[in-house]
Structure formats: structure tokens, C-alpha cells
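The values are calculated or read from the model by the stated rules, or taken from the named source; none is laboratory data. These numbers were taken from a predicted model, which means no experiment stands behind them. Positions of Cβ are generated from backbone atoms using ideal geometry, with glycine treated the same way; all protein chains shown enter the neighbour counts. Side chains are part of the model used for accessible areas, which takes the heavy atoms of the whole protein and leaves out ligands, DNA and RNA. Shrake-Rupley method; radii C 1.70, N 1.55, O 1.52, S 1.80 Å.
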Amino acid sequence: MRVQVLAEIPRLQDEGFFTYLVPQPLQDRVLPGKRVLIPLGNQVARGIIFEVEQGDERDLKPILAILDREPLLSAEMLALARWMAHYYMAPLTKVVKAMVPSALDDPRKEILVPGEAAAHTPLPPGIYEKLGRSWKDSDLPGEQLAELLRNGLVEVEVTGNEESYSTGVQYVLAPGVSDQVIAQLAKKAPRQARALKYFRDQQVPVAERRAVEAVGAAVLRRLVAKGLIERKEAVPGFHQDPLLNQEQVLAAERILAALDREENRTFLLFGVTGSGKTEVYLKALEHARRRGKQSLVLIPEIGLTQQIIGIFEQRLGPRVSVLHSRLTDSERVLEWLRTRRGEADVVVGARSAVFAPFKDLGLIIIDEEQEPSFHQEENPRYHAREVAVKRAELNGAVVVLGSATPSLESFHRAQTGEYELLRLNQKIAASGRRDIRIVDIKRSYRSGIQAVSPELLDELRECMQARHQAIVFINRRGYSTAVLCAMCGLVLTCRSCEVALTYHRDIHRAVCHYCGKERTVPAQCPRCQKNSLRFLGTGSQKVEEELRTLLPEARIVRMDTDSTRSRGDHGKIIQSIRERKIDLVVGTQMIAKGFDFPGVAVVGVVNADPLLDLPDFRARERAFQLLVQVAGRAGRGASGGRVVIQTFAPEDALFQLVQGEDYEGFYREEIAFREALGYPPFTHLVKLMFSGPDEGLIKEEADYTRTLLEEMTGEIEEDIAILGPAPCVRRKIKNRYRYQILLKSPNLDLMRGITRCIIDRRLPPRVRLDIEVDPLAVT
Ligand SMILES: [Zn+2]
Ligand SMILES: [Zn+2]
């Protein structure tokens, strides 16, 4: 018996499959997807089995140990990994790493223990002291370690990862625990009182995992012992079926029918904000569970709020596994193992949850499928939506993509019949009208007002008087977006990145938003030595300050990455908005999604233009989606909403489409433009990015690559466009210069072949080449 092992080769760019022999005692334990230790040169290395096969065993070295009791990756995941490595031209080892929580794949947990042979043969001198350490840190020479493993004197045992939460238990405040009881407890045991408040505010039973996460295991135990919290068997989901409208019923029926047929089919659920997509998701999830299938729900990271998690847990019960970025490593591993054991019916998570280890996957839902956060920018570069669609294909599963403003790719596929389009045009709740106004700020800007036009100010004043809430959106954080010398024109830039520094007033420092470096703002211009430095451009801090002056009575909070740096900040702000302790929120992108408060009646967009100014073919799509999304924050309640979008270019046709919230009008215009210029979805793109510290070298290499590409494509009839090389819009980031070449063609296989030839060539040292297939941004 032999195995094909994908080996992790340290210090080598390269990766590879190697064939090993399986010794007799290990034969009944080898399976594809298990990790093994193997001899590689004179080292011991790790690898993962891809194939188990019969064949010629001469001259083969044996594997040394099997690390996993259960395959780490199922056959389906191995197939998915191969597909990803091929499709995205990413190293297979990187893809495999991305699929597994890093804490589960930690060699420090792979401990040397005495093997069976050690019962009758004494260990060689010095080995006894090595037991209990990981094989990697044992400092044993590779050949000696291999010998010990081969003879069965030592074995490797993987520790940790075994404990598990009970999934069938929930906690709830005991009856009779009044606020008075809590107040009394607060003096003697403040932590317990806080915990009781948590359970009081939840109003529904809390799953054990969440309860422990929220209040800690010790406090929870004590409160149960005191009878203040009740521990009870979980009911699988609260069943209070809300009435669905005709459109929701029709959409759900189509999806349920596909689930019954176990048909690999992708639906695009296209529904305006507030049309009740979540109810359709829940119907599908409940149905999949009834059929004994597991489901995956992907949500943009930023949308993974307690609000949405709460809805899923409440309706689907405790067999929901939630993967969010605040989980600790060991919590992540626990959730992963639960899913693999089939103890989670539904996995809800952001991008990387697409790799959850399902036993029997039947349904995948992707909410806000157009979100750029589903695309991973580092190697392995992939789009979770495309990976999910592939995964569904491998499993015969159903996919539901949901959005009010779908990606052009998905809507196009729905037009051509590749996806089935399901529409939700009606709003479910008695939400009021939304009125969107486009305001030209050229004049108010000249009159010295920076961020808030008189039109927006009027709306905000009225809103405050009516005791409603408001949101003001600005897409830049910090105070001023540039520091400029009014005498000599010098702009303070980051020395490593060639970008203008953003002034942060709270810390009185200029910060680079690309590398994070900070510097003090000098009193004088560093070039002409005059006291003439001026702060230009508007960031969220300046908007906040201006609003505090204009609306001194209003309770204002700022929400951006600066104001939500520590764990819990985000939740606290949300809580105070919900409790109406806040009148006005100034926020960045962070407030565009999952920010549903019925009290918000007015939304202002300080400046829409930077969204449109990006030199990227997707800039208009992103701008449209973001503006509609932000506008959608207003008027969730019955009283309706008013939106003011400020711009220097009100004549741009895009604003009329935003005003009408006319996605299909936007789609028709944009798709014609994409077709005329040959951009996706009519073609694929492959981006070749050259980077390194020596600009001359980078340019030279990029130019030479262009020549090679021209030679190769010259031989071919097919239509391949080569764009560039050109410096990236951010030419220098963290002291590395960046140049890119774009390949554009409908024939992706051909572009891959050509790119493969380029990668296989040796690059000069200090030049790095990164490949991105279907890049999201081309700047
Ligand atoms: Zn100067
Ligand atoms: Zn920088």
C-alpha cells in the first residue's frame, strides 16, 4: 500500500507530492485527508495524504506516523482544495492551511510519547527527556527521530482539542429574579449581578457556549447553584412561524423544491432592503434540517452582529455554530470539531466559514453576496462566493445568494439563466417612504462650510427636534485627510508608502492608513520652515467636531475603527443606540451594514465623490451599492426616512439611479459599459503584481514579462489583452514598489497556461510576483 502525500517543505517556495510506503501496522489507519509525518531528505516533515493506492513499492520510504484519528479534511474538501489551487493558481499547501483553524494545525501540540516497542526495549540514552515535548521542538536530529518513529519506540500524540460544550443545554433567568434582586446582589457580587443583567436583557434562553462566552464558566456555575439562573434542556428552535407574503412563499417554495430534489442549483434572491430575505433563509434552513442536511450561512464579517446571530439561534436552536472574529483559537477549534461530528446543523460565519468541515452539506446561503469582504486579498486569494458555488456542486447542494444590490456578475448569471432569479419587491413591515435628495455642495463649500451643507443641517435639526435618530456617513476616518504647506505646497507623506498622512486630532499625530506609522505634526513646514501647515480634507473626527458645534444639544457618537479598537466597544455603541441614548452617529463603512435601527429617520452622506473617483472598473458598482445601502439605514421605522447625499458632481447619472433606488436601471447601464470595454462578467482578469524594494528592478522585470507575454500571445489566435505594466495607484507601500500587468480574456484556461509559464521562470532576487485570478480591484 502506498500514499501520495502533499508535503510541507520549509524554506522552499516549491511544494510537492511525494509517494510513501505504508508499513503494515499503520495500514488500517491510513485515509486520505489525514496528516502524517514523513522523512524528507534528512529531516522529518509533515504532510497530508491525498491518495491511498496500490502499486509498486520498491525504493519507497515509509511514512513515520499518522497524526489524525479522523481525517482532517474530507474527500470533498481535498477535491475543493485541488480545484481552488487550480482555479486561483494558488499554492496547494496555502489552500489547505486556509481550510483548517490554525490552532488545530499547530505542531507544538504534536507530542512525543513512548511507543509500543518501548514496553520491551529500553529507550536510547537522552530520549526519555524528550518525551512530552513536541517532535518539532525536540531538537532531535531528523534521522534519529525518523529511526525512533520507525522502530515504534516513540509515537506522536496530538493533544488538546478534545473537550466540548454541551449543545443540548440552555440557560435562562429564573422566574422571580427581579431588578431589585439584581440591585441587591450588585453590592456583594458585582460580576454575578452583571451576569444576571445579561440574561435579563437576552429575553430568550442562551446556548451554553454563548453563556460561558458572555459571563464566564465560574460565575455561571455559581448562579445556577444559587437558583438565580436555570439550566434547561434545549428545545430545538422556537417555532413561531411569521406569516410570509406571497413573494416570500413563492421564493421559499422554489428553494424547498430544489432541496427535495437534492439538485445542485443556485438562486439569486433579489430583494429590496426590508423585503424579508431572512425569513426565506430561515424557511430554507429549517427545511434542510428536516431533511437531515447541514447548512452554511455566510455573512460579511461586519454584519455578524449579535442581532443577526440572535435571530438564527432563536429560530434554529442551539445546534447553530457561529464563527466570528472574536472567537478565541480554542473556541474556533471546538466549533470546527462540532461541525465535523455533525453536531451543528447550521454554521453561520464570515468568509473563512466557507471551509467548515460538514458531514452532509445540503444548503449554502450567502447574504449580501456582493460584499467585497468575501474576497480574500492574501494568498490563497479567493472569492468565498465562487468557492461556495463550487462546494455546492461537489455536494449536490443548493445555493441561495441574497442581496438588494447584487454583484454585476451574479445578476448577469441570473439573466443568462445560469442562476434562478427570485424577486422580493414588497417591503414586509409597515415602513414609511424614503426620500433621497442629492445636494450640490459646491456653493456651501465656497462659503466656508466644510462637511455639513445647510440642507443636511436643516434635516438634522428637524430630526433632533422630533426625537428621532440620525446617521452621518463619511468614508474616511481621522480628522483631516491631508496636511499641506500653504506656502510651498509640501504634503506630509509617509516615507514608506508615498501616501498623504491623515491627521488624527485626538492624538495630535499624522498617521499613515496603509502601514500604520505615526509621526508628530511639526510646528513648521519641514521644507520651507514657515508656520504655514494647513489641515485639508475631511475625516470622521472633523465631521464629529463640526456636528457637535452645529448641534450642541445632540448626543453624538463616532463609529469607526479608531473608536471601536478594543473588544466590546462596538457592542456598547450599538447597545446605546438601541436604547436611544444616542441621537446621532457619525460613521464610516462600518455603519453601512447590519445597522438596523427603527429610530433612524435621517441619513446624510458627507461626500459621495471619493467613492466614484477610484480608477477601477468596479468603482461605480461599489459606489452604487454603498450609497443605496447607507440610504437604506433611514426609514426602517414607520415614520419614513430622509436621505441627503452631498456631492460636487450632482449631474452624474449615477445619483439619479441611487435616488430612485433603481438597481435594475443601474445594472442595464453598467453592464452595457462592461460589455463595450470587455470587462467582467464578459471576460476574466488575471493580475500579475510585481513588487520589491528596488523600483528599477521591478520595472525592468515587468517590462521583460510584457515582452514574453506578447511573444506567447502572438502565437495564438485567441483574444487576450495585455494591459500594462503600470505602477499601481499606490505605487509604494511599506517601502515596496508595485507594478502590475493585467491580462484580460474570456478564456481563463488559456490565461492560466500563459501565466504558469511566467511563474515557472526564475525571478531575480528581491522581486516578488503575485498572481490574482478574478481580482476584485485592479488599482
Ligand atoms: Zn512649506
Ligand atoms: Zn505608510
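Quick notes
- The strands (runs of 3 or more DSSP E) found wholly in region 431-535 and carrying at least 1 residues that are within 16 Å of ligand 2 (Cβ to nearest atom) and open to solvent by less than 20 Å² (accessible area, probe 1.4 Å) occupy 482-485, 502-504, 509-511.
- Residue among 368, 386, 378 that is of a type in the set (D, E, K, R), over 27 Å from residue 70 (Cα atoms) and in contact with a Gly (Cβ under 7 Å, 6 or more places away or on another chain): 368
- Scanning region 664-681 for residues that are of a type in the set (Phe, Trp, Tyr) and modelled with pLDDT of 95 or more turns up 666, 667.
- Residues that are in a helix (DSSP H, G or I) and surrounded by 11 or more Cβ atoms within 10 Å (Cβ to Cβ) within region 750-768 comprise 750, 751, 752, 753, 754, 755, 756, 757, 758, 759, listed in sequence order.
- Check on residue 747, out of contact with any helix residue (DSSP H, G or I) (no Cβ under 9 Å at 6 or more places or on another chain) and more than 16 Å from ligand 2 (Cβ to nearest atom): yes
- Tabulated pairs, region 516-535, first in contact (Cβ under 8 Å) with a residue 40 or more places away in the chain and within 8 Å of ligand 1 (Cβ to nearest atom), second open to solvent by less than 80 Å² (accessible area, probe 1.4 Å) and hydroxyl-bearing (Ser, Thr, Tyr), C-beta under 7 angstrom, 6+ apart or interchain: 525/532
- Subset of region 52-76 (residues that are in contact with a helix residue (DSSP H, G or I) (Cβ under 9 Å, 6 or more places away or on another chain) and farther than 16 Å from residue 5 by Cβ): 69, 70, 74, 76
- Qualifying residue in region 559-566 (condition: assigned to a strand (DSSP E or B) and within 16 Å of ligand 2 (Cβ to nearest atom)): no
- Residue satisfying condition, being open to solvent by 30 Å² or more (accessible area, probe 1.4 Å) and under 29 Å from residue 498 (Cβ atoms), within set 715, 695, 772, 710: 695
- Test result for residue 582, closer than 26 Å to residue 311 by Cβ, part of a loop (DSSP other than H, G, I, E, B) and more than 16 Å from ligand 1 (Cβ to nearest atom): yes
- Exactly one residue out of 194, 221 is surrounded by fewer than 19 Cβ atoms within 10 Å (Cβ to Cβ) and either in contact with an Asp or Glu (Cβ under 7 Å, 6 or more places away or on another chain) or closer than 18 Å to residue 575 by Cα (or both): that is 194.
- Residue list for region 113-162, restricted to those being at pLDDT 85 or above, among the polar types (S, T, N, Q) and part of a loop (DSSP other than H, G, I, E, B): 121, 138, 151
- Filtered residue count, region 722-771, keeping only those that are farther than 15 Å from residue 702 by Cβ and either touching a Pro at 6+ places or on another chain (Cβ under 6 Å) or not hydroxyl-bearing (Ser, Thr, Tyr) (or both): 20
- Hits in region 640-657 (condition: open to solvent by 10 Å² or more (accessible area, probe 1.4 Å), hydrophobic (A, V, I, L, M, F, W, C) and over 30 Å from residue 678 (Cβ atoms)): 648
- Filtering region 660-706 to residues that are of a type in the set (D, E, K, R), in a helix (DSSP H, G or I) and in contact with a strand residue (DSSP E or B) (Cβ under 8 Å, 6 or more places away or on another chain) leaves 695, 699, 701, 703, 706.
- When residue 476 is tested against the conditions (1) within 16 Å of ligand 1 (Cβ to nearest atom); (2) under 34 Å from the mean Cα position of the chain (by Cα), the lone failure is (1).
- Residue within region 47-70 that is under 31 Å from the mean Cα position of the chain (by Cα) and open to solvent by 40 Å² or more (accessible area, probe 1.4 Å) present: yes
- Residue in region 284-300 that is within 29 Å of residue 631 (Cβ to Cβ), open to solvent by 10 Å² or more (accessible area, probe 1.4 Å) and not β-branched (Val, Ile, Thr) present: no
- Condition check for residue 772: more than 16 Å from ligand 1 (Cβ to nearest atom) and either of a type in the set (Ser, Thr, Tyr) or in a strand (DSSP E or B) (or both): yes
- Considering (1) open to solvent by 10 Å² or more (accessible area, probe 1.4 Å); (2) under 21 Å from residue 104 (Cβ atoms), the lone condition that residue 311 does not fulfil carries the number (2).
- Some residue of region 682-691 being among the aromatic types (Phe, Trp, Tyr) and in contact (Cβ under 8 Å) with a residue 60 or more places away in the chain: yes
- Count - residues of region 131-144 that are farther than 18 Å from residue 41 by Cα and more than 41 Å from the chain's Cα centre (by Cα): 0
- Selection from region 241-260 of residues that are part of a loop (DSSP other than H, G, I, E, B) and in contact (Cβ under 8 Å) with a residue 60 or more places away in the chain: 245
- Qualifying position, being more than 30 Å from residue 598 (Cα to Cα), open to solvent by less than 30 Å² (accessible area, probe 1.4 Å) and over 19 Å from the mean Cα position of the chain (by Cα), among 417, 362: 362
- Against the criterion of being in contact with a helix residue (DSSP H, G or I) (Cβ under 8 Å, 6 or more places away or on another chain), under 18 Å from residue 474 (Cα atoms), open to solvent by 30 Å² or more (accessible area, probe 1.4 Å) and not β-branched (Val, Ile, Thr), residue 548 does not qualify.
- Residue in region 616-639 that is among the aromatic types (Phe, Trp, Tyr), surrounded by fewer than 20 Cβ atoms within 10 Å (Cβ to Cβ), under 30 Å from residue 452 (Cα atoms) and in contact (Cβ under 8 Å) with a residue 40 or more places away in the chain present: yes
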